[in-house]
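The values are calculated or read from the model by the stated rules, or taken from the named source; none is laboratory data. Because the structure is a prediction, the values reported are computed rather than measured. Counting neighbours? That spans all protein chains shown, and the Cβs are built from the backbone with ideal geometry, glycine included. Please note that ligands, DNA and RNA were not included when accessible areas were found on the heavy atoms of the full protein model with its side chains. Shrake-Rupley method; radii C 1.70, N 1.55, O 1.52, S 1.80 Å.
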Amino acid sequence: MKTAAVICEFNPLHNGHAALLRAARESGADRVVCIMSGSVVQRGELALFDKYERAVHAVRAGADAVFELPAEYVLSGAPQFAFGAVNAACALGGETELFFGSECGDVGTLENAVALLGSDKTNAETARLVATGMNYPSALAKAAAACAASSDETAAAEALSSPNNVLGIEYIKAIIDTGRKISYNTVRRPPFDAASAPTSSSIREVLLSGGEASGVPEFTVQSAKRLSASFGHRSERLLSLIKYLVPHARKGVHDDSEGLSDRLAKAAENAVDLNEYLALAKVKRYPMARIKRLTLNILLDNRYSHNELKNRPVRFLNLLAADRRTADGTLGSVSAEVCATRRDLEPFADDFSVTRRADELFSAVCYPFARNARFV
């Protein structure tokens, strides 16, 4: 059985995502399985809709099942995010092909980028630029451009300016570094267009401001209408928790370095709204997503180290939603334990603790939700 594994966030699901799921199905896959971020997303924010709502959207758009990527991987950098997702995909069983969207839409370009980023020359130039105070993503892109020695390498370096290309590169690196027997393919994402090809970010901005989104399936529209009452108070509730918890952060929180948590504590004490908190916390050396992720890691007391994340076996997969017509065949070949209810997760309480706290944070800030898999 061939599985197309789609790593995603669907925050929220739009027509481009639906097209990606269709392309995964049309690639010859017998089943399409998503590995999806849950209550928190990689930008360091709480998701627009709860994870089960978004998983149901994925099934309605063509997925056979949706499993959750644990929060500790979501709230890490791109390499750890990719490693956790690839590990989960490899537990799906059968012949698996990783399927993802990218701005360039060309596997060869992404493979060239992996090789370019792995060169000693690029690594040395990146380290030099970081030492000058440049943030790591910018330093990496600039170093790659400076070290490119051919037209193919120049195209590969240019690919680093687009976020989905970067994630695709990290997926390929994770597969190579771990020696996983998994293939991969990519589909080109269309250029941004507010009406026909919006990004999830632009859709969230419209919905959170009270507008009506375009370029999304009807079920996304209906969820937004039903849950819109929760949009207005999120920033205030989140800031209250930040002001209460961030100044008392324990040492050893994931991705804390160079006194960042101390800076966040001062920002929390002085800020009057969430935007001011982020402005006070921001430093040139780190992108805003890093600041947001560290904030949530503090709130969730995520204390996993990078080494711990890279050496964890996949003992279970938390099922969020599945197509009831294909569930038996899809779930039957998974090599890890499939958990569909809270009771199923009890034997894995330690491994699930950060994800559970992420769910509790979402419920406190956004709205409560039932935590059992949905069969659509």
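Residues in the range 257-267: is at least one outside any loop (DSSP other than H, G, I, E, B), within 21 Å of LEU20 (Cβ to Cβ) and not polar (S, T, N, Q)? Scanning the range 257-267, I find no residue that is outside any loop (DSSP other than H, G, I, E, B), within 21 Å of LEU20 (Cβ to Cβ) and not polar (S, T, N, Q), so the answer is no.
Scoring SER335 on the criteria (1) within 17 Å of SER37 (Cβ to Cβ); (2) of a type outside the set (Phe, Trp, Tyr); (3) surrounded by fewer than 20 Cβ atoms within 10 Å (Cβ to Cβ); (4) in contact (Cβ under 8 Å) with a residue 40 or more places away in the chain leaves a single failure, condition (1). Among the residues of this structure, SER230 does not count as one that is open to solvent by 60 Å² or more (accessible area, probe 1.4 Å), of a type in the set (Ser, Thr, Tyr) and over 28 Å from VAL6 (Cα atoms). At least 1 residues being open to solvent by less than 10 Å² (accessible area, probe 1.4 Å), among the β-branched types (Val, Ile, Thr) and without any contact (Cβ under 8 Å) to a residue 24 or more places away in the chain is the threshold, and among the helices (runs of 4 or more DSSP H) wholly inside the range 50-119 not one reaches it.
Checking ARG180, ARG234 one by one, the residue that is in contact (Cβ under 8 Å) with a residue 12 or more places away in the chain, under 23 Å from the mean Cα position of the chain (by Cα) and closer than 30 Å to LEU117 by Cβ is ARG180 and no other.
The residues of the range 329-341 that are out of contact with any strand residue (DSSP E or B) (no Cβ under 7 Å at 6 or more places or on another chain) and modelled with pLDDT of 95 or more amount to a single one, THR341. Scanning the range 182-197 for residues that are under 30 Å from LEU92 (Cβ atoms) and touching a helix residue (DSSP H, G or I) at 6+ places or on another chain (Cβ under 8 Å), which turns out surrounded by the most Cβ atoms within 10 Å (Cβ to Cβ)? By that ranking, first place goes to THR186.
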